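Visitor: One structure, as structure tokens, below. Some questions next.
The values are calculated or read from the model by the stated rules, or taken from the named source; none is laboratory data. Small disclaimer: the values here were computed from a predicted structure and weren't measured. Cβ placement follows ideal geometry from the backbone for every residue including glycine, while neighbour counts extend to all protein chains displayed.
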Amino acid sequence: MVVKLIDGKRVDVEEYLAKYPPDIQRIAQKIREIVLSNYPFLDEVIKYCTPIYLKDRNICSINSYDDHVNLMIWKADELDDKYNVLEGNNEKLKYVKIDKLEDIKSDTIKNLLNQAIEIE
């Protein structure tokens, strides 16, 4: 069980994600599983009402919406998006939009996160 602090209060990330609608929760949980199982050295915190994963800086976050989840990735302008999945107008922060659980491509996510983690 991962417990983090939000405004000085202990919050379990799984309990936090459980507040999402069921379909969105399953997508967010799967993305979280990919991040935590492949990058156990990343810290997991809840900031700005979203789970954020960081090392010395923010690497990614899981942002939920009514009908989809975005995996936000920082320093996106420095990534080689060979799968052409990154969206967004902000050069530094882009996202992979995921509408359905079966749309999650863990190899694509790992490729992008590997690159994002390597950036100084």
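Visitor: Give me the pairs: first residue in region 66-83 and closer than 17 Å to TYR48 by Cβ, second residue of a type in the set (Phe, Trp, Tyr) and outside any loop (DSSP other than H, G, I, E, B), beta-carbon distance under 9 Å, and six or more apart or on different chains, which are they?
Guide: ASN70/TYR95; LEU71/TYR95; MET72/TYR95; ILE73/TYR95
Visitor: Also, I was wondering about something else. Where residues in region 95-111 are among the β-branched types (Val, Ile, Thr) and not in a strand (DSSP E or B), which of them is surrounded by the fewest Cβ atoms within 10 Å (Cβ to Cβ)?
Guide: THR108
Visitor: May I pose another question? State which residue is surrounded by the fewest Cβ atoms within 10 Å (Cβ to Cβ) when the search covers only region 64-94 and only residues that are at pLDDT below 95 and of a type in the set (S, T, N, Q).
Guide: Top of the filtered list is ASN89.
Visitor: From TYR48, TYR53, TYR20, grab the single residue that is aromatic (Phe, Trp, Tyr) and in contact (Cβ under 8 Å) with a residue 40 or more places away in the chain.
Guide: Details: TYR48 fails: in contact (Cβ under 8 Å) with a residue 40 or more places away in the chain; TYR53 fails: in contact (Cβ under 8 Å) with a residue 40 or more places away in the chain.
Of the residues listed, the single one that is aromatic (Phe, Trp, Tyr) and in contact (Cβ under 8 Å) with a residue 40 or more places away in the chain is TYR20.
Visitor: Answer with yes or no whether GLU87 is among the charged types (D, E, K, R) and touching a Lys or Arg at 6+ places or on another chain (Cβ under 6 Å).
Guide: Criteria met by GLU87.
Visitor: Run down ASP81, ASP43 and say which single residue is of a type outside the set (A, V, I, L, M), more than 19 Å from GLU15 (Cα to Cα) and touching a strand residue (DSSP E or B) at 6+ places or on another chain (Cβ under 9 Å).
Guide: ASP81
Visitor: If I ask for residues that are under 11 Å from the mean Cα position of the chain (by Cα), outside any strand (DSSP E or B) and surrounded by 14 or more Cβ atoms within 10 Å (Cβ to Cβ), which ones from region 13-54 would you list?
Guide: Result: ILE27, ALA28, GLN29, LYS30, ILE31, ARG32, ILE34, VAL35, LEU36.
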